[in-house]
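Structure first, then comments.
The values are calculated or read from the model by the stated rules, or taken from the named source; none is laboratory data. Here the structure is a predicted model, which means the values were calculated and not measured. Cβ placement follows ideal geometry from the backbone for every residue including glycine, while neighbour counts extend to all protein chains displayed.
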Amino acid sequence: MFSNPAPLKHLIKLILYIMKAFFEGIEYLFVNVLFAPLDFLRSLELKSWFAANSINWIFMIICAAAMLYWIKQLRIFDEAGTENQDTTAHSFLK
């Protein structure tokens, strides 16, 4: 098809170079930019375990607050008597 395969060879090398640069760019973004805070927390673990697990503490506080709010709302509807506790409360249970 091609009388001279040299330009095709250079095109393939160029495409491979671009693909390699693209994936190395993704690697740089994740390793050096997006995971930098997590690397900081990992190095902080040697000094303070509680500070290194601050993300976990924040999530636990959020979940506890959501659970308390949910229980409060359940209690409000239960005391008001507006909650339908019939076993056929949903149409698919009939």
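Each row is one residue, and each column tells you yes or no for (1) surrounded by 10 or more Cβ atoms within 10 Å (Cβ to Cβ); (2) among the charged types (D, E, K, R); (3) at pLDDT 95 or above.
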site	(1), (2), (3)
PRO37	yes, no, no
MET67	yes, no, yes
ILE71	yes, no, yes
ARG75	yes, yes, no
GLU79	no, yes, no
ALA89	yes, no, no
PHE92	no, no, no
*Identify the residue in region 13-35 that is surrounded by 11 or more Cβ atoms within 10 Å (Cβ to Cβ) and aliphatic (A, V, I, L, M) and, among all such residues, is modelled with the highest pLDDT.*
LEU29
